[in-house]
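As structure tokens, the structure follows; a few thoughts come after it.
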Amino acid sequence: MDLFSLLTARGGAARRKDLVSNGVSAHQLSAAIAAGRLVKPSRGVYCLPNANQALLTALCAGADLACISEAKQRGLWILRPPVLIHVSVDHGNALDGTFKVHRSAKPLMVLDICVQSMRCLPELDALCIVESAVVQGAVSIPALRRRTTGRRDVSLRKIIDQIDPFSQSILETVAKYHLRRAGYSFQSQVYIKGVGRIDLVVEKVLGVEADGRRFHSGTEDFEEDRRRGNILMIGRVPILHASYSMLVDHPDEFLRLVRLALDAYAPTDQSRPLGKSRHSQ
């Protein structure tokens, strides 16, 4: 991997020692700076002009990204962006108020990031990160359980118990979290003939689609959405569409609509459960 590919893979910034250990020479660094393709913002730190600013700030302070900041850097699901830059240090030097400091050994593995997030963040924010790590195959549920066996890890084990390895999006995770807390039973990724999978079925009656990731990018997408909607209507399958704003900013409104929809579509003796699911809770 050449210098620029290496930096790009690391978020656009790295320490000199890490670059050298990956085969980058002093001559390459000097030549890149002279050509204006590389910047040296701090002693021992090099970056591309478009480097991740949180990463660059951390490196210049002698720290590494950690917790939610590193989770974001690695492409895990972030519900709300952090106000502070979360960093990990292995020294005792004080950092300013820009940072939230986590004391830990380096380098951080995904398992470490998950544990940090569960200890540091609100339950739902942590669940989004940890569940996405499981979904992406970056960490396993058994590994998480092995790291959280202590007496002070009860809240962490509660988060792990909620992980659905089949979740398809952060909004699906958020919807399930609110439904679970409200006491509803539900199935995820339910297959309906002629339609495909819908995100959730609540109380075997109401379909829920978390729509934050769906955009009509073209005629084919639009027509497919209309086709699915028509089949669901003909089959008398009620669908509640939940947006990002509703699920994240107004969860009480989401639950109110779920309750109203369930009341409106209360099953009769002749009603049959909807579809087949990958997972029930």
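Contact map, segment 1-28: first residue open to solvent by less than 50 Å² (accessible area, probe 1.4 Å), second residue in a loop (DSSP other than H, G, I, E, B) and of a type in the set (A, V, I, L, M, F, W, C), Cβ cut-off under 6 Å, separation 6 or more or different chains; pairs are L3/V24; L7/L48; G12/L48; G12/A51; A13/A51. Of the residues in segment 114-130, at least one is open to solvent by 50 Å² or more (accessible area, probe 1.4 Å) and under 14 Å from the mean Cα position of the chain (by Cα). Going residue by residue through segment 143-150, is there one that turns out to be open to solvent by 70 Å² or more (accessible area, probe 1.4 Å), modelled with pLDDT of 95 or more, over 27 Å from L257 (Cα atoms) and assigned to a helix (DSSP H, G or I)? Yes - at least one qualifying residue is present in segment 143-150.
Applying the condition of being touching a residue at least 24 places away in the same chain (Cβ under 8 Å) and touching a strand residue (DSSP E or B) at 6+ places or on another chain (Cβ under 6 Å) to segment 78-88 and asking which residue is farthest from L171 (Cα to Cα) yields S88.
Has segment 159-177 got any residue that is open to solvent by 60 Å² or more (accessible area, probe 1.4 Å), within 20 Å of the chain's Cα centre (by Cα) and not charged (D, E, K, R)? Scanning segment 159-177, I find at least one residue that is open to solvent by 60 Å² or more (accessible area, probe 1.4 Å), within 20 Å of the chain's Cα centre (by Cα) and not charged (D, E, K, R), so the answer is yes.
Of all residues in segment 155-168, those that are touching a residue at least 24 places away in the same chain (Cβ under 8 Å) and farther than 10 Å from V134 by Cα have Cβ atoms under 9 Å from Cβ atoms of residues that are open to solvent by 80 Å² or more (accessible area, probe 1.4 Å) and outside any helix (DSSP H, G or I), 6 or more apart or on another chain, in L156/R147; Q168/R197.
The values are calculated or read from the model by the stated rules, or taken from the named source; none is laboratory data. Just so it is clear, the model here is predicted, and its values are computed rather than measured. Glycine gets a Cβ as well: all are built from the backbone with ideal geometry, and neighbour counts include every protein chain shown. Note: accessible area is taken over every heavy atom of the protein model, side chains too, but ligands, DNA and RNA are not part of it. Shrake-Rupley method; radii C 1.70, N 1.55, O 1.52, S 1.80 Å.
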